[in-house]
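The structure under discussion appears below in the form of structure tokens.
Quick note: the coordinates plus some simple rules give every number you see, no bench work behind them. Quick caveat, the model's predicted, so the values are computed rather than measured. For neighbour counting, all protein chains shown are included, and Cβ atoms are generated from backbone atoms with ideal geometry for every residue, glycine included.
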Amino acid sequence: MGRCRRLRDKKLDAVYSSPLKRAYDTAKIAFGNHLVTTDACLIEIDFANWEVKRREEFVAENPLLWAKWSDDLATAQAGGNGENAMQVVEE
């Protein structure tokens, strides 16, 4: 976090963050001297094993896992060990 804190005193026009607690807390640590504005458009989900892959790739790798997640976004974990939709909205 030391490198992150070096950003606190930089002159910036604005700082934006996802409203998720982990993102907002990180922004406050990194940019503590600046107002952090949250924007729901920045909400993300931890896709775990699916991160940095195109949908076609992970569907081809495990179509059953994709079907499970597609059918039950609320409780099925993205990528098999990532977040589900309920975890995202609870944070």
* Asked: Cβ under 13 Å from TRP50's Cβ, TRP50 left aside: what net charge do those residues give with Lys, Arg +1 and Asp, Glu -1?
  -> -3
* Between SER17 and residues 5 or more places away or on another chain, which pairs have amide H atoms under 5 Å apart, with H built 1.01 Å from N, and which residues are they? -> THR37, THR38, ASP39
* Taking θ as phi - 60°, what are the ³J(HN,Hα) couplings along the range 57-64 by the Karplus curve (6.51, -1.76, 1.60), each to the nearest whole Hz, with x for Gly and Pro? -> 5, 6, 5, 5, 5, 8, x, 5
* Calculate for the chain the 222 nm mean residue ellipticity that helices alone would give, adding -39,500 (n - 2.57) per DSSP H run of length 4 or more and normalising by residue count, nearest 500 deg cm²/dmol. => -10000 deg cm²/dmol
* Any chance you could run the full-extension gain for SER70 through MET86? It's 0.36 nm times the residue separation minus the Cα-Cα distance, nm to one decimal. => 4.4 nm
* Structure fact -> Contact order relative to length for the chain, counting C-alpha pairs under 8 Å separated by 6 or more residues, stands in percent at 26
